[in-house]
Each structure stands twice: as structure tokens, then as C-alpha cells.
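First up is the structure itself, then whatever we jot down about it.
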Amino acid sequence: MPSALILLAEGTEESEFTITYDVLVRGGVKVSSVLVPCGENDGSKGYVTCSRGVKILADLKLEDVVQHSDRYSSLILPGGLKGANTFSKDEKVLGLVRDMYGKGKVVAFICAGSLAAKAAGIGKGKSITSHPSVKEKLEEEYDYKEERVVVDGNLITSRGPGTTFGFALALVEALQGKEERDKIEGPMVLPEKL
């Protein structure tokens, strides 16, 4: 069974986190959330307060997974500018991104989370997207696209909260195949265009 790590930090965009987590589980992926500490939350609480005030309890702490990246099939970094900035400045996170990307594992970013791809120095020249507010920070080093979801090899990116279902389904397809994606997409009764 493929497995995914989804990072969480203070200020993470909750819909990007929860929708991705939910859709991956529906697609037969084992998902674990990982708390990334920052100045105001050292991780001792076990949960983060997301961008709209929702509190989410993490399954694991960052130190629990850094040395064990081989156990996981994918790494996902949601947006929320505050959380994305935490990811982009944390050397353990950036090392994990580099390690998993370098091993050909699926590495995915949504919204401002795409800034961590740049901070980690991965995928330069590849196709990428992000929230429009951070486009200028990415377009010089990447082939920037305005599409809702962009897949370029093992790098998957998306634009924001409204594109999360399409993002999560692209992850299911990358990890489980098109047949599994099709199997779960219909019963979710999503709008025709994602």
C-alpha cells in the first residue's frame, strides 16, 4: 500500500490539508500527518492552529520521519502562507523534500507550499504552479503554468483551496493509477471541472 506524509505547521491552509488527506485515504493510500515545529509552536501541543483557526492534531512529529523517508511513497506540502514559510525555512523539511524527490518519490505542493520546492532547490526548469500571489517568486526558475494542477514527473503542484480536489485526485492517480482515481472520483459527486 502506498503511503503519504502531509506536513502541518502553524498557519497551514486547513482545506488543502483535510481534503488531500481525505481523498488519499479514499484512494487506498496510508496517510500520516507530520507536525513541523516553529517559534510559536515547538510541537509539544501535538496540534497546529491552521489559517482559519481550525486545530488539527498531527500523527507524527518531524523528527519521527526525517530518518525514515524510505518508508513513504510521497510527501505533500499544503499552502497557507504562514505554514509554507515555516516549511521553506526549516532545514529538516528541505532535506526531506530533496531526499524524497531525489529518490523519485512523489513530491507535491499546493498554493504557497510551492515556495518550499524553490527553497529546497528541486525541479528547476520543470513545470510548476502555485497560488497567484507567489507566482513571481517561482517563474524565473520554473516553467510556470496557470493550470489548476500541474504534473511533471514526480513533481505535482496546484493553485489553492479551490483546486484541492483535483490536486488530491492527481496524487491518487500517481500513487495508485488511473483506475483507482476513476473508481473514487465518481462517487464523490464533484463538479465536472476540477
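Every read-out reported here was derived from the displayed coordinates using simple, explicitly stated rules and does not represent laboratory data. What you see is a predicted model; the values in this text were computed from it and never measured. Cβ sites come from the backbone with ideal geometry, for glycine too, and all protein chains shown count toward neighbours.
Long hydrophobic helices in the chain, taken as whole DSSP H segments with a C-alpha length of 15 Å or more on their own axis and mean Kyte-Doolittle hydropathy at least 0.0: 14-26, 91-102, 164-176. With unit charges on the beta carbon (Lys/Arg positive, Asp/Glu negative), name the residue among Ala174, Leu62, Val48 whose Cα is farthest towards the positive pole of the charge dipole of region 3-184. Farthest towards the positive end: Ala174. Ordering of 83-95, 128-140 by packing is 83-95, 128-140, highest average first (other Cβ atoms within 10 Å, averaged per residue). Taking Cα extents along the principal axes in Å as the quantity of interest, determine which of (1) 45, 37, 27; (2) 42, 35, 33; (3) 57, 33, 25 was computed from the displayed structure. Read-out taken from this structure: (2). For Val31, the residues whose modelled amide H falls within less than 5 Å of its own, excluding neighbours fewer than 5 places apart on the same chain, are Ala4.
Note down the magnitude of the dipole of region 3-184 about its Cα centre, charges +1 on Lys and Arg C-beta and -1 on Asp and Glu C-beta and zero elsewhere, to the nearest 20 debye.
Numbers: 24 positive and 26 negative charges, 29 e Å.
Dipole magnitude for region 3-184 comes out near 140 debye.
Annotation: the antiparallel percentage among DSSP beta bridges lying fully within region 3-184 is about 30. Cross-link check: pairs Lys61/Lys89; Lys92/Lys124; Lys30/Lys135; Lys30/Lys118 evaluated at a Cα-Cα cut-off of 23 Å; pairs beyond the cut-off: Lys30/Lys135; Lys30/Lys118. The convex hull of the Cα atoms of region 113-194, projected and averaged over all directions, covers 5.4 nm².
Amide hydrogen proximity for Gly11: with H placed 1.01 Å from N in the peptide plane, the residues at 5 or more positions away or on another chain lying under 5 Å are Thr49, Cys50, Ser51.
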